[in-house]
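Asks: Below are the C-alpha cells for one structure; questions will follow.
The values are calculated or read from the model by the stated rules, or taken from the named source; none is laboratory data. Source: prediction; values computed, not measured. Heads up, the Cβs are rebuilt from the backbone with ideal geometry, glycines too, and the neighbour counts pull from every protein chain shown. The protein model used for the area step is the full one, side chains on, heavy atoms only, and it has no ligands, DNA or RNA in it. Shrake-Rupley method; radii C 1.70, N 1.55, O 1.52, S 1.80 Å.
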Amino acid sequence: MGLGEGTRRYLADVGRLVRSSPVSGVSTASLRIMLRIVDTRTGHLVEIPSVRRHLLSICVHLPVGEAGIGMTDLRALLVGDVLARTAELHGLQSRMFLTTPDLPHEQVQAFDRAMSALGIHPPAGVGVHHPNGTLCAAADVHVYPYGTAAQDVVGGVRIDVGQVGPASRERGVSDRAHVLVPGLLDAFAPAGIDPLAVRMHVLGHAYRTPVTATSAALEEARRTLGDWRQLVAEWAEQPSRPIPADVLRHAHAALADDLGVPAVLDALATVATRADVPAGAKFETFAFLDRVLGLDLAREVGHQHRAAT
C-alpha cells in the first residue's frame, strides 16, 4: 500500500483502528480492560467508571485563590484529557468538565490558549467553582492539582496531580506564584520549543510525581518528538502491517493500570528500534497510541522530510 492510501486512512478515519482492531488475532472486545486508578484518599486502586459502565465522567477542579493559575493546574487538565482519551481507546465514551475560580477575561483567554497549545481537548462544560455546585457532583473521577485543600468527594474517585514548575522556580514556591498571563508557557516552552514537547515531557512522569521542566529535559523531548514525527512520515511510505499483539496488549494494560503513560512512551521508543517489526506496523503502532498521547506524531506525513537536526 502506498503513501497516499496509508495517509488517508490515518488522517481521515483513525477511529476505525479501534472499531476493527488493528491487530491480527486480537479482538477489540479483548482489549477493553477495566480501567483502574488510585484513589488519593485510600491509596487503593479503584475501578472506573463505577456506575455508568459506558460513560466516564471526569471533573478537573482548579483551586480558588488569589495566586492565579499555573502550570500545575494545566497539568491537572492534561491528566483529565489523557484519562478521557484512554477511556475512549478502551471502548468507553467520556466527558470532561472543569470548575475554575472566577477569572478575569484576560486570564480566561490565556488559559484557553495554553490548553490549545498543549493539545488538551476543550472540556464539555466549564463552571465557576461553587461549594454547592452541581456541575461535577456525579463525576466518576475528580482531578485536583497539587496543593489543593482536602475536599469531600461524593460518588467518585479523587486523584491528586503532582506539582510541575520551571527549573528556575525558587525553593518552596508553588508554580501558582506564576500567575496565568498570556505568556504563561514561555517559562516552560522557550522560543523554539514546541509546546507539545512540554506535553511529552510531562507525560513521561507518573501523574502524581513532581516534574521540573529543565531546559535539558525540554530539549530532549523536542528532539525525540521531532525524530518520531520524521520516522512516522518515513514508515507511512511502506505497506501497512498489523500492530504487534504484544505491544498493543502491553500498552492497553499499562494505561488501564493507574494511567501508566510513561510505559507507553517507553514502549514506542522500543518499537522504533525493533528489527522484527515492519515499518508499516511501526506506523500503525505510533498512529494508534498517539490517540492517547496527543503528540501529533503524524504531523510530517505527506510532507517533505525535515533536515536532520
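Asks: Of all residues in region 27-38, how many are more than 19 Å from the chain's Cα centre (by Cα) and at pLDDT 90 or above?
Replies: 0
Asks: Hey, does region 240-252 have a residue that's at pLDDT 95 or above and among the polar types (S, T, N, Q)?
Replies: No, region 240-252 contains no residue that is at pLDDT 95 or above and among the polar types (S, T, N, Q).
Asks: Could I ask something else about it? Sort out for me the strands (runs of 3 or more DSSP E) sitting completely within region 121-166 that have 1 or more residues that are modelled with pLDDT under 80. Let's see the steps before the verdict.
Replies: Numbers: elements: 125-128, 141-145, 157-161, 164-166.
Answer list for region 121-166: 125-128, 164-166.
Asks: Mind checking which pairs have a first residue in region 241-253 that is more than 11 Å from residue 283 (Cα to Cα) and a second that is outside any loop (DSSP other than H, G, I, E, B) and β-branched (Val, Ile, Thr), Cβ under 8 Å, 6 or more apart or different chains?
Replies: Listed by first residue and then by second, the contacts come to 244/271; 244/285; 247/271; 247/285; 248/285; 251/264.
Asks: Being of a type in the set (Gly, Ala, Ser) and more than 14 Å from the chain's Cα centre (by Cα): is that true of residue 294 here?
Replies: Working: of a type in the set (Gly, Ala, Ser): yes; more than 14 Å from the chain's Cα centre (by Cα): no.
So residue 294 does not fit the description; no.
Asks: Considering only region 181-199, how many residues are open to solvent by 30 Å² or more (accessible area, probe 1.4 Å), in a loop (DSSP other than H, G, I, E, B) and modelled with pLDDT of 60 or more?
Replies: 4
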